[in-house]
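Asks: Below you will find the structure I want to go over with you.
Readers should treat all values here as calculations from the given coordinates under stated rules, not as data from a laboratory. Nothing here was measured: the structure is a model prediction, and the numbers come from that model. Cβ coordinates were reconstructed from backbone atoms using ideal geometry, including for glycine residues, and neighbour counts include every protein chain displayed.
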Amino acid sequence: MTDPAETAGTAGTVLVTSRSFGTGRVDVAGHLDAAGLRPVRGSVVHDLAELRPLLADAVGWIAGTAAVTGEHLDAAPRLRVVARYGVGVDAVDVAAASRRGVVVTNTPAANTTAVADLTLALALAVLRNVVEASGAVRAGDWSVRRGRELGALTVGLVGLGRIGLAVAARLRGFGCTVVGHDPYADADVGRTVGVEPVALRDLLMTADLVSLHCPGGTVRIDDGALARVRPGAVLVNTARADLVDETAVARALRDGRLGGYGADMVAGEAGSDSPVLAPDLADRVVVTPHLGAQTVDAVDRMGAGAVRAVVDVLAGRTPESAVVSTGAVR
């Protein structure tokens, strides 16, 4: 992956705080070694007291999902690159990094297929009552639970970036009618994978299943949005927990406005007090613990991309996915 002959100018310590870095099949730490860089492990929650002595010597940082703040950057006078291990950079103070001349990168395409696959897994699990039925069988209850076929539904995709389009491509195989909303996407690109562009209001009113694939930071599904959805619609969220008002979703599940909810996270991550995890909703809710990017293949792609970005910056080359202070990828 990394040719030592092409790594002129690289030397020093690379702090690694991603939990899953190096847990796939590829020896990504070995590629850092081959480039003359010494990987050192640090706190995955980015505890500043623990990281401070490591940051003092680090020239690169392969960071996980925890916050990278101005205080972290102040403790790293030699730091030249923060390579976010994954897609989201909302936890990184990109503006502070830019002021210090530190390049921030991510791996935007590495987990696309993994998250798209999980989106369909959650949708099917909810539609076919998979989790509830499996638990019932283990308890000796073999009674039938009638579900719905994905191919018979109209699916609405909120967000038509890499992951949204990958989900759309998979839905073609099921024969779904697919509509999508994304004010920043090229409508013609969506149409190439069978997505008809519509306004968000129309999407909510026509879709039997709504799947979220947009950036976080804004609540998209609240009481107002849920008042528009078709009775019994299913909601899937493999994007960000803050896109959803979980109290409103729990209420809509109880009154029948929503027929089910599948998510790869809940607000607060620990999640035990999330409204959607209430015991009386267990037959309609499937939640996974941030499994979206957790495939061997995605882990290898993220690791390779992060290492490549660190080596490129330290060797004076422009990385493939530098993130500017607005959060956009160039």
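Asks: In nm, give the distance between the simple-model label positions of Ala34 and Glu149, each being 7 Å from the Cα along the Cα-to-Cβ direction.
Replies: Between Ala34 and Glu149, the label points sit 4.9 nm apart.
Asks: Still on this structure, I have one more. Based on Cβ point charges of +1 for Lys and Arg and -1 for Asp and Glu, what charge dipole magnitude is obtained for the chain about its Cα centre, in debye rounded to the nearest 20?
Replies: 340
Asks: Using R₀ = 22 Å, calculate the FRET efficiency as 1/(1 + (r/R₀)^6) where r is the Cβ-Cβ separation of Ser98 and His290; round to 0.05.
Replies: Values: r = 28 Å, r/R0 = 1.27.
Once the sixth-power term is evaluated, E becomes 0.20.
Asks: Report the residues of the stretch 79-106 in range of a label on Asp242: point 7 Å along Cα→C-beta, backbone N strictly under 17 Å from it.
Replies: Those under the cut-off are 87-96.
Asks: Now a separate question. Take Arg128 and Glu196, extend 7 Å from each Cα along the Cα→Cβ direction, and tell me the distance between the two endpoints in nm.
Replies: Here the answer is 2.7 nm between the modelled labels.
Asks: So, one more: Determine the relative contact order of the stretch 90-201: mean sequence separation of Cα pairs under 8 Å and six or more apart, normalised by residue count, in whole percent.
Replies: Taking the mean separation of contacting Cα pairs over the length of the stretch 90-201, I get 20 percent.
Asks: Moving on. Between Glu50 and Val324, what is the FRET efficiency for a Förster distance of 41 Å, r being their Cβ-Cβ separation, to the nearest 0.05?
Replies: After rounding, the FRET efficiency stands at 0.85.
Asks: Sticking with this structure for a sec: Could you give the semi-axes, largest first, of the ellipsoid that matches the stretch 235-294, computed as the square roots of 5 times the alpha carbon gyration tensor eigenvalues and rounded to whole Å?
Replies: Values: eigenvalues 63, 26, 23 Å².
Whole-Å semi-axes of the equivalent ellipsoid: 18, 11, 11.
Asks: Calculate the spin-label point distance for Tyr184 paired with Asp297, positioning each point 7 Å from the Cα along the beta-carbon direction, and give it in nanometres.
Replies: That separation, rounded to one decimal, is 2.6 nm.
Asks: At a Förster distance of 35 Å, what's the computed FRET efficiency of Arg228 paired with Phe174, Cβ-Cβ distance as r, to 0.05?
Replies: 0.90
Asks: If packing is taken as the mean number of other Cβ atoms within 10 Å per residue, what is the order of 79-88, 280-289, 12-21, highest first? Don't jump to the answer; show the numbers that get you there.
Replies: Details: 79-88: 24.4, 280-289: 17.0, 12-21: 21.1.
In descending order of packing, they fall as 79-88, 12-21, 280-289.
Asks: Classify the stretch 1-121: rounded, prolate or oblate, from the alpha-carbon gyration tensor (a ≥ b ≥ c, eigenvalue square roots; a/c under 1.5 rounded; otherwise prolate if a/b is larger than b/c)?
Replies: Values: a/c = 1.68, a/b = 1.17, b/c = 1.44.
Taking the square roots of the gyration eigenvalues as a ≥ b ≥ c, the stretch 1-121 is oblate.
Asks: Stokes-Einstein at 37 °C, 0.692 mPa s, Kirkwood radius from Cα pairs: D for the stretch 173-295 in µm² s⁻¹?
Replies: 218
Asks: Tell me the Kirkwood hydrodynamic radius of the stretch 41-100 in angstroms, computed as one over the mean inverse distance between distinct C-alpha pairs.
Replies: One over the average 1/r among Cα pairs gives 11.3 Å for the stretch 41-100.
Asks: Scanning the chain for helices, which whole DSSP H stretches are 15 Å or more long along the axis (Cα) and average -0.5 or more by Kyte-Doolittle?
Replies: Details: long enough: 112-127 (23 Å, 1.92); 162-172 (16 Å, 0.71); 296-314 (27 Å, 0.94).
Answer set is 112-127, 162-172, 296-314.
Asks: Now a separate question. In 20 Å bins starting at zero, report the fraction of Cα pairs in the chain per bin as a rounded %.
Replies: 30, 51, 19, 0
Asks: Before rounding to the nearest 500, sum -39500 (n - 2.57) across all DSSP H runs of length at least 4 in the chain and divide by the residue total; then give [θ] at 222 nm in deg cm²/dmol.
Replies: Details: 12 runs with 106 residues, N = 330.
Dividing the helical sum by the residues of the chain leaves -9000 deg cm²/dmol.
Asks: Sticking with this one: Average the reciprocal distances over every distinct pair of alpha-carbons in the stretch 161-219, invert the result, and give the Kirkwood radius in Å.
Replies: Its Kirkwood hydrodynamic radius stands at 11.8 Å.
Asks: Tell me which residues come under 5 Å, amide H to amide H, from Val92 once H is placed; ignore anything under 5 positions away on its chain.
Replies: Val68
Asks: Compute the Cα gyration tensor for the stretch 186-245, then decide on rounded, prolate or oblate, letting a ≥ b ≥ c be the square roots of its eigenvalues: rounded whenever a/c is under 1.5, prolate when a/b is larger than b/c in the other cases, and oblate in all that remain.
Replies: Note, shape of the stretch 186-245 comes out oblate.
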